[in-house]
1. Only one of (1) part of a helix (DSSP H, G or I); (2) over 22 Å from the mean Cα position of the chain (by Cα); (3) free of Cβ contacts under 8 Å to residues at least 12 places away in the same chain; (4) within 28 Å of residue A:23 (Cβ to Cβ) fails for residue A:304. Which number is that?
2. I'm checking my understanding of the structure. Among residues of the stretch B:1-31 that are at the interface with another protein chain (Cβ under 10 Å from one of its Cβ atoms) and of a type in the set (A, V, I, L, M, F, W, C), which one is surrounded by the most Cβ atoms within 10 Å (Cβ to Cβ)?
3. Please enumerate the residues belonging to the stretch A:345-385 that are surrounded by 19 or more Cβ atoms within 10 Å (Cβ to Cβ), part of a helix (DSSP H, G or I) and within 14 Å of chain B (Cβ to nearest Cβ).
4. I'm trying to understand the selection: among the residues of the stretch A:111-134, which are surrounded by fewer than 17 Cβ atoms within 10 Å (Cβ to Cβ), touching a residue at least 40 places away in the same chain (Cβ under 8 Å) and in a helix (DSSP H, G or I)?
5. Look at residue B:245 and say whether it is β-branched (Val, Ile, Thr), under 21 Å from the mean Cα position of the chain (by Cα) and assigned to a helix (DSSP H, G or I).
6. Which residue is farthest from residue B:95 (Cα to Cα), if the candidates are limited to the stretch B:116-125 and must be aliphatic (A, V, I, L, M) and buried (at least 19 other Cβ atoms within 10 Å of the Cβ)?
7. Within the stretch A:179-218, count every residue that is basic (Lys, Arg), buried (at least 18 other Cβ atoms within 10 Å of the Cβ) and under 17 Å from residue A:123 (Cβ atoms).
8. Can you name every residue in the stretch B:257-293 that is outside any helix (DSSP H, G or I) and either surrounded by 22 or more Cβ atoms within 10 Å (Cβ to Cβ) or in contact with a helix residue (DSSP H, G or I) (Cβ under 7 Å, 6 or more places away or on another chain) (or both)?
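The values are calculated or read from the model by the stated rules, or taken from the named source; none is laboratory data. All values reported here derive from a predicted model rather than from experimental measurement. All Cβ positions, glycine included, derive from the backbone under ideal geometry; neighbour counts span all protein chains shown.
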Amino acid sequence: MADFRLSAIDQQILDKVVEVGESTSRHARYYEDHEHETPPTRLEGERGFEEVFPLFGQRQPGDTPMMTFMMAVSIARGSTTGVTRGLGLAMPAGRASGLGNAALQSAGTPEQKAKWGDLFLAMSITEPNVGSDTKAIQATARLDGDEWVINGDKIFVTDGVKCDGAIVWATIDKSAGRAGIKSFLVLKGAPGFELVRQEKKLGIRSSDTAAYSFRDCRVPRDALLGGDETVPKDGGSAGYKGVMKTFNMTRPAVASGGVAKAKGALEFTKAALAQEGVEVDWSRSYNQRSAVEQRLIEMEADTEAAALSVLHAAWLNDVRKPNNLESSVCKAKGGEVCRTIPQAAMELLGGMSVSHDHLVEKFLRDGRISDIYEGTGQIQRLIIAREILGYSSEELT
Amino acid sequence: MITFELNEEQSMIREALQGFAAEVLAPGARAIDEAGEMPADILQKGWDFGLIAAAIPEAYGGGGGDRSCMTNAVALEALGGGCASQAAAIMAPGQFVSALIDFGTEEQKAGHLPRFTGATPVAASLAVQESQFGFAAEAQRTIATRKGNGFVLNGEKRLVPLGDRADTFLVLARDEGSEGLAAVQAYIVPRDTVGLSVETENGTQGLKPLPKGKLTLANVELPGSARLGGDAGIDAARLISHARVGAAAVAVGLSRQATDFAIPYARERVAFGEPIGKKQSIAFMLAEMHIECETMRWMVWKAASLLEHNDPGAVKASVLAQDYVRRKAVKIADDALQIFGGHGFIRDLPLEMWLRNARTLTVLDGPVSV
């Protein structure tokens, strides 16, 4: 029966995740100010996830299903003020946890997974003039003998500096629209592949963001993910859909990052206001509360609702049910609260919330991206609207 | 363990009640709302599902099933998806019965529960609301004063569900000289008690055909055994949470109903040469409505589930669910009306009724409980 309680061990894991995450808080400001410096493997006073991993061994079959629980872990991790190393997407999967790895796992052939599975792979889709409308991408790939020749420019490549390579979207037939789009694995060092620059950003500064150029970049023929070189004439493409399918797994994860920043800002605010003697009295009715209490309740309700939508989308994955619509729902909610809650937190805290003395302003800057990457909130609403109205992507644009 | 899975019984109840809501409740909703009266056969058909008797222990002649807040949340959402007024009328006696199961002494259970196990509907309900603006459950003006081994009640209760016909009321009152929810207790008051006068109330914006009554309590003398739970009394925070989450569950069903009604209209209605559903301004409203229908439900389920397990976080979860549903359900009903434009304003269609019902459900504590 529906249940929302965590077992003792699961709660212990989440508490430990927060403890470990907070252990580097005093270094966080430095890396905000020196965003292109990679922190050393172990910062002074840093506690590592080796404290958390052994606890996973104590989990029982009756505990929260794994994908669902990992979303709770991700929310707990991201709500802390410590130095984050990358986005921590698929933690604790280890090194091979880039966005491109998710694409490889869902669309790659068994041979490709065996060959590249241990690499750290970024995902390279966005171009200077193409964002959410991914089927309009301009980068091209053409077969020349036993090699693909790729040309084009890519931007906003998450982990694009530190990765071993990237899954790059390019069209093999521009006239075919999205049916012509294929994904290619391009390793660092491939001839004609250049890392152009590392971006400077509002937030998520510990996650590097790269721009790439491909000038007659040559990769082997088997670099085409999934291996299907055909361009179907019916307008659809199994390859394109295969890659889009990875979003059903990654969207809840990215949404959890947005919820995490909302939760972090909320928890910070509750603790700070409690020190000033302002706390929610849960026994009071709506019209008996102060405006600040009511605002805190709304913030907590919104954050909780977004968190539950993330857990629900992941839970569907756990029980092997389709979650296409639900992954967009939770991404829309995660994207909403990552903006509204840190903004509201700073309003309640007042002027000193902007000071670099505190890390609460970081939640606004770090959270903001969650309504943009992995499909903007508007794209999620477009997907949801098409689904519930029964419109194709051509009918509702 | 976090799971969103319903058990087999809950799935069956949901399916059966969704069918009943679509085939019986929804088609009659407008006519019943206009008439402002609840047909007896609706109460009978609702009663026939055995929802209220199911959780009464076998010792008192009931079904002996689990007293499950989750099952009630599922049932209320399903019924609310047909007609909130009829759902409330069908399930209002459950407020009385559940409170008896949760807090009643053996004597109180034996004295009242067997009456609810028969084939004919029995009306009883919870009296929470009072006359004053700014009413809050913890700031009751109905006062209970100790007198010997018993109590004397003075005050006024308004909009009491099934008030026109209920044979027994569970009246909330505050201990004289004490403040806050901790001082609120519940008293079993039979309709014919000396000092209690009951008038039928008509005329509310929403839940219009839900029968209602005004209770005036003038020096109502009650024996000590009338206080629910005896010396132990009740946990009023829990009792009120049950009512708030119950109303929220109905509002989730109503929101889904309004959303599902607006979707086909947006596909049919043509403006400027194409269906309005193909315009992002409308499509995004519908997407938002769908998003909130889903997330509202999980907020209600979590609160209901924690209440069921008497979890320490249950009251907080109930406040959060109530707050969330309060904001979202009214917005959804309001946006559904907006999508229909002027047609939404005309009483031929149910849009304006749903807006009235959504607003009403989210300002009352109740009139149903999980």
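1. Just one mismatch for residue A:304, condition (2).
2. Result: B:2.
3. A:371, A:377, A:379, A:380, A:381, A:382, A:383, A:384, A:385 - these are the residues of the stretch A:345-385 that are surrounded by 19 or more Cβ atoms within 10 Å (Cβ to Cβ), part of a helix (DSSP H, G or I) and within 14 Å of chain B (Cβ to nearest Cβ).
4. A:111
5. Against the criterion (β-branched (Val, Ile, Thr), under 21 Å from the mean Cα position of the chain (by Cα) and assigned to a helix (DSSP H, G or I)), residue B:245 qualifies.
6. That would be B:122.
7. Here the count works out to 1.
8. Residues satisfying the conditions are B:269, B:275.
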